[in-house]
Amino acid sequence: MGLTIGLIAALLWGAALVWAGRRGGEQAVALRRDLLAGGGLALLVLGFFWRTLSGDVYQPADGGDLVSFLFPTYRFAARDLAQGTLPLWNPHLYGGAPLIGDIQAGFLYLPNLLLFLARPAFDYRALQGMVIGHLVWAALGMYLLLRTLPWPDGLAARPVSRPAALLGSLAFALGDPLLIHLGNLNLIAVLSWLPWVLAAYIRGLATGRLIWLAGAGLLFGLANYAGHAQSSLYIGLALGVYTLLWALVQRPPIPRLAWAIWVGGRLLTVVALAGLLTAPILLPALQLTRYTERSAFTYQDTVAFSLAPTQLIGLLTPGFFGRGPALHWSLWDRVETPYVGVATLLLALAGLLLAAPDRRRRLWPWVGLALFGLVTALGIYALLHGWLTLLLPGFAQMRAPARALVLWSLAAAVLAAVGLDTLLDRVRLATPGGRGWLAALRQGGWLLAGVVLPLSYLALLLTQENETSFLRASVAALALTLAALFWGGVWAAAAGYRAGWWDAPLMAGLLVGLLYVDLAATGAYTDISSTDPTRGFHHPEIVAFLRQDPDTFRIDTRTEIEGVWQPDTAALVGLEDVGGIANPLALAHWRAQWEATGGRQTRLYDLLNVKYVIVRDGTPLPEGKFELALDAPGELAVYRNTNFWPRAWVVHEAILATGIPDAQALIRAADFDPARAVVLVGPTEGFSPFGPPAPAVGTESATLTAAGSSHLTLAVEATAPGFLVLSEVWYPGWEATVNGQAVRVIPANGALRAVPVPAGTSTVELCYAPRLWRWGLLMALAGWVGLAALVVLDRRSARTR
């Protein structure tokens with residue numbers, strides 16, 4: 001699959017080159033050179049990951065969220081789509097959960113959708129290829145942004161040179177803020193669109209053309225479908241911060257108030273358009289947050305994984321405290337560092353110090369964006385993050401403030417690109433500012449080589465008797481040595497250029513090459529392993545045994561077997577589990593239901609439709625209730641619950657509760673009999689259109705006749721009016737009909753569902769069709785209409801001009 005995509009991309013690139021070659025004029029020549037530079041940039045990013053792409057290693061070593069959450073979730077979604085069904089509900093994990101509400105699901109994201117439809121049974125390496133492909137996309141977007149940003153140059157305005165754009169693109173795509181998240185495809189996928197969105201938006205601000213604003217809104221909306229709310233929020237913050245600072249440094253030809261309205265209207269247009277286009281996933285996601293553990297987050301939860309001030313040494317080297325999880329040794333959480341390469345940092349400073357006044361004034365929005373990202377990343381160590389949690393809707397539910405460093409890396413890449421071009425002007429290098437910059441580089445190099453490195457080597461000598469301390473000193477010494485080498489390399493390149501030893505093209509090539517070697521040396525082989533991270537999914541004997549059972553049932557893997565059984569295996573292989581990977585978006589009332597059971601020895605546990613429990617060999621289970629069903633090869637065994645409860649049953653007595661917590665308390669009462677009664681939640685009016693429940697007078701049954709991820713059909717035989725109770729998780733959006741008549745789906749026995757049924761034979765159908773999903777589709781349609789209107793208005797305005 002990866003080879004096919006690469007071939008298609010190469011063919012499209014070649015066709016674009018041929019097309020540009022047949023056109024005449026300077027613009028065609030410039031386009032052809034940019035296409036060649038873009039192709040070279042893509043090869044550099046792919047070459048960075050040569051070991052992963054060759055199949056030699058896996059990166060990250062343990063797979064991260066990519067293997068534990070995204071791989072099984074994506075495979076489930078692909079399986080449903082291949083069958084012609086939209087996977088709005090996920091029945092495989094946590095007893096069932098709204099997949100359309102989990103914004104991380106990403107099954108409507110265009111690249112994911114193409115993969116799912118073309119190859120539903122894709123393997124894990126396909127997702128690794130998707131991650132790397134999005135880093136290529138991020139690099140190309142950064143190149144486009146840098147090559148379309150105009151900078152004052154005498155009487156004209158020009159973008160940065162191609163070498164400068166290459167340098168900035170490598171810094172953004174391969175810097176630590178993105179590289180550390182190789183196991184988080186949806187985060188990288190959303191952020192890979194950040195420079196593309198900014199490129200279109202800034203073009204719209206500069207030209208006033210509505211079509212560019214429409215393009216920015218479309219790209220923003222497309223990025224959101226990749227499914228990482230925090231990253232989408234950072235794109236919005238990048239637009240907002242840049243707009244504010246850009247408006248402040250401009251010299252508007254109209255009054256300031258009118259200028260503020262004009263600029264604010266442009267920003268609002270892009271954000272509103274993106275919001276409308278994203279509504280089908282945004283509205284269900286907003287609804288889900290009310291029912292999840294995340295809704296109860298405190299500020300202390302929000303600031304987990306803040307960038308500690310001590311970790312600002314990551315500006316100079318990313319490995320002082322250990323780059324990967326295996327060697328990390330600081331007291332603070334391992335988070336991304338602000339590292340984008342020593343050359344990037346020094347060239348960004350050069351851009352600020354050496355740029356002409358008019359160009360420096362244009363740099364201030366990027367300086368502000370860089371500082372905003374850096375300070376926000378400090379989280380609990382700075383007030384800004386706390387203010388944002390108060391001012392921005394949804395920000396208080398976002399953990400890991402350190403992820404804001406992506407705004408720093410983007411802006412630093414822009415500053416460095418401008419700095420490289422400024423540095424190539426020997427006149428600027430000969431000014432007092434240029435001489436001062438070179439002197440600072442020389443003095444910093446001597447400080448690193450003459451003081452810091454000897455002290456780090458002394459620490460090695462003093463810690464040899466303590467293995468842990470020696471390891472930490474070794475990690476820090478290696479990091480500082482690499483920083484000193486690359487610092488010295490930048491100084492040597494700049495000093496040699498000033499002395500006339502090489503010309504500007506060679507100087508640019510040296511710095512681009514030095515940055516690439518720097519990023520590769522500190523990141524290319526970080527956190528890799530030859531061990532397959534999907535091995536926790538490989539239990540063919542257990543899966544085959546469970547699949548041959550004709551009953552409808554759930555399994556229970558909440559038995560501390562994560563080391564040998566991936567918690568989300570059920571989604572991958574098509575089983576149904578009461579558990580899943582730890583996820584703050586899991587339904588809080590389902591977790592409370594699990595806790596309300598009181599353990600595996602109780603009848604309430606049986607109500608969860610658990611027939612099999614998977615445990616390590618020798619794990620004790622309640623005696624007399626569980627029997628060995630399969631002693632699988634390896635460490636695991638499967639036990640059968642002899643008191644297994646069916647998926648659905650009929651009762652004729654109702655107990656009313658004021659809410660789900662109240663219902664979960666009532667079902668724990670000693671005299672509660674789930675075979676006889678059901679605890680219902682909600683208003684008493686309209687529970688049943690079939691009359692009050694009456695005692696049963698004969699044999700009754702409830703049989704599941706058809707089941708899909710978002711649809712259930714049951715045949716029910718009831719001797720009197722009553723309630724069909726389903727061991728299915730209640731959640732808004734489930735609708736039911738009984739013999740074609742619409743009825744309510746009622747929260748029952750805590751977190752389960754109930755449906756009223758009449759006496760006699762009934763066909764009960766349940767379908768998950770959330771109203772907010774349908775409203776979202778209508779809003780997306782309105783977004784597309786708005787997009788078309790912007791294009792039409794732009795064309796009319798262009799003709800008028």
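General observations
- Any hit, segment 53-63, residues being among the aliphatic types (A, V, I, L, M), touching a strand residue (DSSP E or B) at 6+ places or on another chain (Cβ under 9 Å) and farther than 30 Å from LEU174 by Cα: no
- Of the criteria (1) open to solvent by 50 Å² or more (accessible area, probe 1.4 Å); (2) part of a loop (DSSP other than H, G, I, E, B), which one PHE122 fails: (1)
- The listed residues are GLY433, GLY444, and the only one of them that is assigned to a helix (DSSP H, G or I), under 30 Å from TYR242 (Cβ atoms) and small (Gly, Ala, Ser) turns out to be GLY433.
Here's the yes/no breakdown for (1) under 23 Å from ALA343 (Cβ atoms); (2) part of a helix (DSSP H, G or I):
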residue: ASP80; (1), (2): no, yes
residue: LEU93; (1), (2): no, no
residue: ALA139; (1), (2): yes, yes
residue: VAL160; (1), (2): yes, no
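- Boolean, ARG753 is within 23 Å of TYR225 (Cα to Cα), among the basic types (Lys, Arg) and either open to solvent by 10 Å² or more (accessible area, probe 1.4 Å) or in a strand (DSSP E or B) (or both): no
- Segment 584-602: number of residues that are under 22 Å from LEU621 (Cβ atoms) and open to solvent by 20 Å² or more (accessible area, probe 1.4 Å): 8
- Being in a helix (DSSP H, G or I) and more than 25 Å from the chain's Cα centre (by Cα) holds for only one residue in GLN593, GLN601, and it is GLN593.
- Pairs are defined by a Cβ separation below 9 Å, a sequence spacing of at least 6 or placement on different chains, a first member in segment 505-525 that is without any contact (Cβ under 8 Å) to a residue 60 or more places away in the chain, and a second member that is crowded, with 20+ Cβ neighbours inside 10 Å; the pairs so defined are LEU506/TYR497; LEU510/GLY489; LEU510/ALA493; LEU510/TYR497; VAL517/PHE486; VAL517/GLY489; ALA521/PHE486.
- Test result for GLY433, more than 30 Å from ILE180 (Cβ to Cβ) and more than 32 Å from the chain's Cα centre (by Cα): yes
- The set of residues in segment 581-594 being under 18 Å from ALA77 (Cα atoms) and in contact with a Gly (Cβ under 9 Å, 6 or more places away or on another chain) consists of LEU585, ALA586.
- Candidate set: segment 33-56, residues that are within 17 Å of GLY133 (Cα to Cα) and outside any helix (DSSP H, G or I); chosen: the one most open to solvent (accessible area, probe 1.4 Å): SER54
- Subset tally (residues that are within 20 Å of the chain's Cα centre (by Cα), assigned to a helix (DSSP H, G or I), surrounded by fewer than 24 Cβ atoms within 10 Å (Cβ to Cβ) and not hydroxyl-bearing (Ser, Thr, Tyr)) for segment 389-407: 3
- Filter result for VAL745 (under 20 Å from ILE660 (Cβ atoms), crowded, with 24+ Cβ neighbours inside 10 Å, free of Cβ contacts under 8 Å to residues at least 60 places away in the same chain and of a type in the set (A, V, I, L, M)): no
The rows are residues; the columns are (1) open to solvent by less than 20 Å² (accessible area, probe 1.4 Å); (2) modelled with pLDDT of 90 or more; (3) within 22 Å of THR522 (Cβ to Cβ).
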| residue | (1), (2), (3) |
| --- | --- |
| ARG426 | no, no, no |
| LEU448 | yes, yes, yes |
| TYR457 | no, yes, yes |
| PHE470 | no, yes, yes |
| ALA492 | no, yes, yes |
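- Within segment 523-562, the set of residues being over 30 Å from ARG647 (Cα atoms) and either in contact with a helix residue (DSSP H, G or I) (Cβ under 6 Å, 6 or more places away or on another chain) or in a loop (DSSP other than H, G, I, E, B) (or both) comprises GLY523, ALA524, TYR525, THR526, ASP527, ILE528, SER530, THR531, ASP532, PRO533, THR534.
- Of all residues in segment 592-617, those that are touching a residue at least 24 places away in the same chain (Cβ under 8 Å) have Cβ atoms under 7 Å from Cβ atoms of residues that are open to solvent by 20 Å² or more (accessible area, probe 1.4 Å) and acidic (Asp, Glu), 6 or more apart or on another chain, in LYS611/ASP551; ARG616/GLU635.
- Taken together, SER295, SER330 contain a single residue that is within 22 Å of VAL452 (Cα to Cα), of a type in the set (Ser, Thr, Tyr) and at pLDDT below 90, which is SER330.
- Contact map, segment 551-570: first residue on the phi > 0 side of the Ramachandran plot, second residue surrounded by fewer than 24 Cβ atoms within 10 Å (Cβ to Cβ) and not in a loop (DSSP other than H, G, I, E, B), Cβ cut-off under 8 Å, separation 6 or more or different chains; pairs are GLU560/ARG616.
- When LEU110, LEU81, LEU117, LEU66 are checked against the criterion of being surrounded by 24 or more Cβ atoms within 10 Å (Cβ to Cβ) and touching a residue at least 12 places away in the same chain (Cβ under 8 Å), LEU66 stands alone in meeting it.
- Residues of segment 357-388 classified as surrounded by 17 or more Cβ atoms within 10 Å (Cβ to Cβ) and either in contact with a His (Cβ under 6 Å, 6 or more places away or on another chain) or charged (D, E, K, R) (or both), total: 5
- Positions within segment 318-336 being open to solvent by less than 20 Å² (accessible area, probe 1.4 Å) and in contact with a helix residue (DSSP H, G or I) (Cβ under 6 Å, 6 or more places away or on another chain), in sequence order: PRO318, GLY319, GLY322, VAL335, GLU336
- When PHE486, PHE470 are checked against the criterion of being among the hydrophobic types (A, V, I, L, M, F, W, C), under 17 Å from TYR339 (Cβ atoms), part of a helix (DSSP H, G or I) and out of contact with any Phe, Trp or Tyr (no Cβ under 8 Å at 6 or more places or on another chain), a single residue qualifies: PHE486.
- Residue within segment 767-775 that is surrounded by fewer than 21 Cβ atoms within 10 Å (Cβ to Cβ) and among the aromatic types (Phe, Trp, Tyr) present: yes
- Any chance ALA520 is in a helix (DSSP H, G or I), touching a helix residue (DSSP H, G or I) at 6+ places or on another chain (Cβ under 8 Å), surrounded by fewer than 21 Cβ atoms within 10 Å (Cβ to Cβ) and modelled with pLDDT of 95 or more: yes
- Enumerated strands (runs of 3 or more DSSP E) restricted to segment 642-725, each holding at least 1 residues that are without any contact (Cβ under 8 Å) to a residue 12 or more places away in the chain and open to solvent by 20 Å² or more (accessible area, probe 1.4 Å): 701-708
The values are calculated or read from the model by the stated rules, or taken from the named source; none is laboratory data. The structure displayed is predicted, hence computed values, not measured ones. Backbone-built Cβ (ideal geometry, glycine too); neighbour counts: all protein chains shown. Remember, those area values only see protein heavy atoms, side chains included, never the ligands or the DNA or RNA. Shrake-Rupley method; radii C 1.70, N 1.55, O 1.52, S 1.80 Å.
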